[in-house]
Amino acid sequence: QVQLVESGGGLVQAGGSLRLSCAASGRTFRNYAMGWFRQAPRKEREFVVAISRSGHSTNYADSVKGRFTISRDNAKNTLYLQMNSLKPEDTAVYYCAAGNSFRYITTRDYDYWGQGTQVTVSS
């Protein structure tokens, strides 16, 4: 099993930035592709971005391309999400997840999940 713990969420004004982190423990972090998902109130959980095991390949949702950047540090067992130019519609609980491929964009393709961290963007 992989245990995942997100941090770094908070309240920010539109146009601002936040950096989320996801600390992994348990099975070897580098064996998993990693993804970020988000869930806004009364909406389904949606894919944001994913990264390959090595960190060399990424897959972004169109809604965040050019604003968000995913990265990972396998030596530190940590996944990151740098979020710039935040918009009110980015408000959601953000989850990190571990899976088998960075190409997967549905929740059922990810095996392990964190508890989420709240991001709120005010207008």
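The values are calculated or read from the model by the stated rules, or taken from the named source; none is laboratory data. Bear in mind that the values here come from a model prediction, so they are computed numbers and not experimental data. When we count neighbours, we look across all protein chains shown, and the Cβ atoms used for this are built from the backbone with ideal geometry, even at glycine. Accessible surface areas use protein heavy atoms only, side chains included; no ligands, DNA or RNA. Shrake-Rupley method; radii C 1.70, N 1.55, O 1.52, S 1.80 Å.
Summary of computed values
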quantity: The chain - charge dipole about Cα centre, Lys and Arg +1 at Cβ, Asp and Glu -1, debye rounded to 20; calculated: 180
quantity: The range 52-68 - phi-based ³J(HN,Hα) in whole Hz, Karplus 6.51/-1.76/1.60, Gly and Pro as x; calculated: 6, 4, 7, x, 7, 10, 9, 8, 10, 5, 4, 5, 10, 4, x, 10, 10
quantity: Segment Ser7-Thr58, length gained on full extension (0.36 nm per residue, minus Cα span); calculated: 16.2 nm
quantity: Stretch gain in nm, segment Thr69-Ser123, where the contour uses 0.36 nm per residue and the Cα spacing is subtracted; calculated: 17.2 nm
quantity: Heavy-atom accessible area per residue - the chain, 1.4 Å, Å²; calculated: 52
quantity: Phi-based couplings in Hz for the range 92-107 (Karplus 6.51, -1.76, 1.60; Gly and Pro marked x); calculated: 4, 8, 9, 10, 9, 8, 10, x, 9, 8, 6, 7, 6, 10, 10, 5
quantity: In sequence order, calculated HN-Hα J values of the range 41-51 (Karplus, 6.51, -1.76, 1.60; Hz; x Gly/Pro); calculated: x, 6, 10, 7, 5, 10, 5, 10, 6, 9, 9
quantity: Under 5 Å, built H, 5+ apart or other chain: amide partners of Leu86; calculated: Gly15, Gly16
quantity: Filtered GluC sites (Glu not before Pro), the range 39-123: DSSP coil and at most 16 other beta carbons within 10 Å; calculated: Glu44
